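Have a look at the structure below, then the notes.
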Amino acid sequence: MTFLTVYTDGEVPQTLLETEDANEIAAALKEIDVRLRHWDVVEGLEAGAGQERILEAYRDEVARVVAEEGYTFVDVAQLHPDDSPEWPEKAAAARQKFLNEHTHDDDEVRFFVDGSGIFYLHAGGKVHAVLCEAGDLLSVPKNTTHWFDMGTEPDFTAIRFFHDDDGWVGDFTGDTISSRIPGFDAIAARRTAR
């Protein structure tokens, strides 16, 4: 289930809202033109399934979004823990790539097949931290300032949609706000403790 935390964007951010209520989340995200939809999760999809298998499993849903929004490129991003000695460094490098505030010249649209991650959307003097889990489809309009945190132990699979075959291209703002807002691990722990 999706979890939303809204913060002020000042030097010492204050928590304005914490909720799992679907109506409250939809209303808060509507204010910043962000859409959150839900798809049924395909049961029996093996862990670590390849891109072709995942896209086939969600063929109808993907085709509907492509037709509605005109996306030309769809792929799968996934990161799962492994026992290799390189895993901690690989996980840290993957996480760091998305931790600083940035924008895109394209929408950022993700469907979480499994696992979780938080999109931090910085708009209107607030930061909306949207913890997405399996079944969540988040559509963030182009030019929205944001960042993404997958936590210190990344474990997720997401289908990504693009209008451009270049895929993910970030324009970093240089703002340090992401260092002032609680990260994935802290928000996930607070949510569990509720």
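Specify which of the listed residues (53, 37) is within 26 Å of residue 128 (Cβ to Cβ), among the charged types (D, E, K, R) and out of contact with any Pro (no Cβ under 8 Å at 6 or more places or on another chain). Walk me through how you get there before you give the answer.
On the way: 53 fails: within 26 Å of residue 128 (Cβ to Cβ).
Sole residue among the options that is within 26 Å of residue 128 (Cβ to Cβ), among the charged types (D, E, K, R) and out of contact with any Pro (no Cβ under 8 Å at 6 or more places or on another chain): 37.
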Original post:
If you check every pair at least six apart or on different chains, which have Cβ atoms under 9 Å apart with a residue in the range 70-83 that is free of Cβ contacts under 8 Å to residues at least 24 places away in the same chain first and a residue that is outside any strand (DSSP E or B) second?
Top reply: 82/90
Original post:
Out of (1) farther than 26 Å from residue 63 by Cα; (2) modelled with pLDDT of 95 or more; (3) touching a strand residue (DSSP E or B) at 6+ places or on another chain (Cβ under 7 Å), the odd one out for residue 157 is which?
Top reply: (1)
Original post:
Does residue 171 fit the bill of being under 22 Å from residue 52 (Cβ atoms) and either without any contact (Cβ under 8 Å) to a residue 60 or more places away in the chain or not aliphatic (A, V, I, L, M) (or both)?
Top reply: no
**OP:** Hey, could you check the range 67-113 for residues that are closer than 17 Å to residue 55 by Cβ and among the small types (Gly, Ala, Ser) and say which is surrounded by the most Cβ atoms within 10 Å (Cβ to Cβ)?
**Re:** 77
Original post:
Residues of the range 184-194 being touching a residue at least 60 places away in the same chain (Cβ under 8 Å) and in contact with a Ser or Thr (Cβ under 9 Å, 6 or more places away or on another chain), which ones?
Top reply: 184, 187, 188, 190, 191
**OP:** Just give me the residues in the range 20-40 being out of contact with any Phe, Trp or Tyr (no Cβ under 7 Å at 6 or more places or on another chain) and within 22 Å of residue 113 (Cα to Cα), in sequence order.
**Re:** 21, 22, 25, 26, 29, 34, 35, 36, 37, 38, 40
Original post:
Only one of these conditions is not met by residue 149: (1) at pLDDT below 95; (2) farther than 12 Å from residue 34 by Cβ; (3) of a type in the set (Asp, Glu). Which number is it?
Top reply: (1)
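Only residues that are of a type in the set (A, V, I, L, M) and more than 18 Å from the chain's Cα centre (by Cα): list them for the range 1-26, please. Break it down stepwise before answering.
Here is the first cut: in the range 1-26, the ones of a type in the set (A, V, I, L, M) are 1, 4, 6, 12, 16-17, 22, 25-26.
Hits for the range 1-26 are 12, 16, 17.
The values are calculated or read from the model by the stated rules, or taken from the named source; none is laboratory data. Treat the numbers as computed from the prediction; the structure is a model and nothing was measured. Note that we place each Cβ from the backbone using ideal geometry, even for glycine, and neighbour counts take in every protein chain shown.
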